[in-house]
Amino acid sequence: MPERSANDPVPGPAAGTPGDRTPLSNRAIDPEGIVWTRVSPRHVSVVMLSTLFGTLFWLAVVGWPAVLAGTGVWGGAPLRWLLLPPAAVLVVGVVSLLLAPRRVRAIGYAERGEDLLVRRGLLYQRVLVIPYGRMQYVDVSVSPLQRTFGLATVKLHTAAVGSHAEIPGVEHAEASRLRERLTARGQALLAGL
Amino acid sequence: MSAVPAPVPDPAPQWHRVHPLTPVVKGWLAIVVLVGGFVNIVLDDLLRAYLGGGDSPAQELDPGQVSPLFWWALAGIVVLVLLVAAAVVLVAWWFTRYQVTPEHVRIRSGVLFRQERQARLDRVQAIDIHRPFLPRLLGLAELKFEVADAGQSAVSLSYLTHPQARALRGELLGRLGLAAPGPPGAAARRPAPWAATGDEEHPVLTVPVPRLLGSVLASGSAVVLAVLLVAAPVALVLDPVAGPAVLAAWLPGLVSFGAVAYRRFEQGYHFRLLRVPEGMRVRYGLFSVRSQTVPAGRIQAVGVDQPLLWRPFGWYRVRANVAGYGPAAGEGDAMRSTLLPVGTLPEVRTVLHLALPGARDGDLPALLGEGLHGLGGQGRYTTSPRRARWLDPLVHRRTGFAATEDVLAVRSGRLSRRTDVLPHEKTQSVAVSQGPLERALGLADVELHSTPGPVTVAVAHLDAGDARALAAAQTAHAAGARRLADGPRHPRVPLQERA
């Protein structure tokens, strides 16, 4: 069988910002003719800030022995080894920070006639298709950080565990529009179990 | 149950109490512990008094020297404690009442903290009868109402006499069965998922005890157990010093593996599958007999698997995701979603036929056979391409899928084989995913989501084009099947049409 051109990089269609080279669509796993809607660019700030806070928190959690050893309070401690865990946290944090914009640009959703598609992931990409009729309920949640940026998270729940889809970083107006539309479509196509 | 659909039976349904022996059954453990503890303390002191002369407490408690008043006081305390316990239990029993209305089943309990729990009958997914050991000795049974809210079991009436429980279940099944077609005015009322017109049972199959025993012996935990048991004397002989310590370290493992094997035997004992109008009923257990009705329409996915050691015997296990049962909370719960603990291929076919009444037969047996034994992509199954061997050298020739008009079959596993069958109309959602290595090889994974349960339907390392086609076909199938299956307000396929 000839190899498909599946792995050729495909530039993101319409929805991407100009000059954005992050492939939003992956022809290999996307359904035909799909146009993805990206989440708000402000979501990058939310992700970066929460990564920052998370990294600082974990630095404090794993870094205090190194601080004790470095300031001489804990004499004779193997400072070199104690520095390893905070260094690892720092590396992970910095990488996450650097990747955050691309990760956010890799999140997309699309509404079709009968189902909603949600995709995410840069390295490990995943496209989830949820028929409207299968939705049990739709959640819109806003964290304090998201509120500052006027964003919200839309969550869809079905009776299955694997298909709880999350669209983070949606602007408030869009979030309520999505919720209303999903609920309406869900009722029209209700399938239960 | 008359043929005339009676309008709402009694306007003010009565509150009933559960069986008077309930507190005894529920409290027996506490009573045993209490009495045992007391006896233990007294015996201990008496023994010490007789045996050890030197201990000071022993001297104080020498029965010859203690005044009779002490013994009276002791007896008084015992009686008092028992009386108080009995009073508490009796009061609790007195205030526990249940009520079955045409729409709800309610339980009220508690004296200080009153609690009322109710389940809407049309949301009840199943009514199961449980008979734990002690209640069974006393002729009692527990009636459990499962609702769709997965996880916690909804309402349970414990305990009723067994005939009472059966009668109540029969009556409820019947009542809702009659109410289901309903006058046009009551059109909004959905028939209960398990609604049926009767309670007649037709035995379908029984798992013979020797086969069950064999299946337990040929399981991984039994093998580990055997290895440990054989290794124990060897370790003792080889190293008399460290041996005992090693053995002591094994003990917990030994106990847990033994417990797993025992539980599988206890729960699978005398497993019977019966056909009832609303679907299937299974009954199983050695000491605790459980009986549960699995309405066919509630089965979301069926998985057939064969552990490696069962292969010489041609045995298979059938499990299902049942809506409302939720994920099995533990090993003790695992039997709930088992439709056949161990059976032969013809039995598996029978069970599959009953479990998926919507699947027109035709291809299914062949698909099942190929799903369990097939290798490579020559047959009906679309398998991983050859280049998937870099990621999955052993299994890539087994992983594959095949679709009929009604179901999707997915096979996997080289050593321990399995085939999962998912009716199209039960697909909750579909996901396609691809990691970096898969991207390089042009492969992708497909997951088909079903309700929580033992069956996970997923195909790994398909050709990306196949994966995309499968996902597209499955979403279309699912939507199509939904349109067919749904009346405007009836989310379920009518059983009668499909039988």
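None of the figures in this text is laboratory data; all of them are computed from the coordinates on show. Remember, it's a predicted structure, so these values are computed and weren't measured experimentally. Every residue, glycine among them, receives a Cβ derived from its backbone with ideal geometry; neighbour counts consider all protein chains shown.
Summary of computed values
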read-out	value
Exercise: per-residue mean of other protein chain Cβ atoms within 10 Å, B:432-441	6
Inter-chain shielding of B:455-467 (mean C-beta neighbours from other protein chains, 10 Å cut-off)	2
Other protein chain Cβ atoms within 10 Å, averaged over every residue that makes up A:120-126	5
Gap separating the Cα centres of the range A:87-114 and the range B:373-451, nearest whole Å	28 Å
Total formal charge among the other residues, if their Cβ is under 13 angstrom from that of A:ARG147, Lys/Arg +1 and Asp/Glu -1	0
For B:TRP72, A:TRP58, order by how many other beta-carbon atoms lie within 10 Å, fewest first	B:TRP72, A:TRP58
Phi-based couplings in Hz for the range B:415-424 (Karplus 6.51, -1.76, 1.60; Gly and Pro marked x)	7, 9, 8, 8, 9, 10, 10, 10, x, 3
Sorted by Cβ density within 10 Å, fewest first, the residues A:SER45, B:SER67, B:SER384	B:SER67, A:SER45, B:SER384
Surrounding net charge for B:GLY314, when Lys and Arg each add one and Asp and Glu each subtract one, Cβ distance under 11 Å	+1
Normalised convex hull volume, the range B:356-467, alpha-carbon set, Å³ per residue	102 Å³
Long-range Cα-Cα pairs in the range B:198-242 (distance over 18 Å), rounded percent	58 percent
Protection-proxy order for peptides A:167-177, B:434-444, B:77-87, each taking the mean of Cβ atoms within 10 Å per residue, highest first	B:434-444, A:167-177, B:77-87
Inverse mean reciprocal Cα-Cα distance (Kirkwood Rh) of the range A:53-193, Å	18.1 Å
Cα pair distances of the range A:42-102 binned at 10 Å [whole percent]	24, 40, 22, 11, 2
Packing-based ranking, highest mean first, of B:304-314, B:106-116, B:223-233, A:129-139 given that Cβ atoms within 10 Å are counted	A:129-139, B:304-314, B:223-233, B:106-116
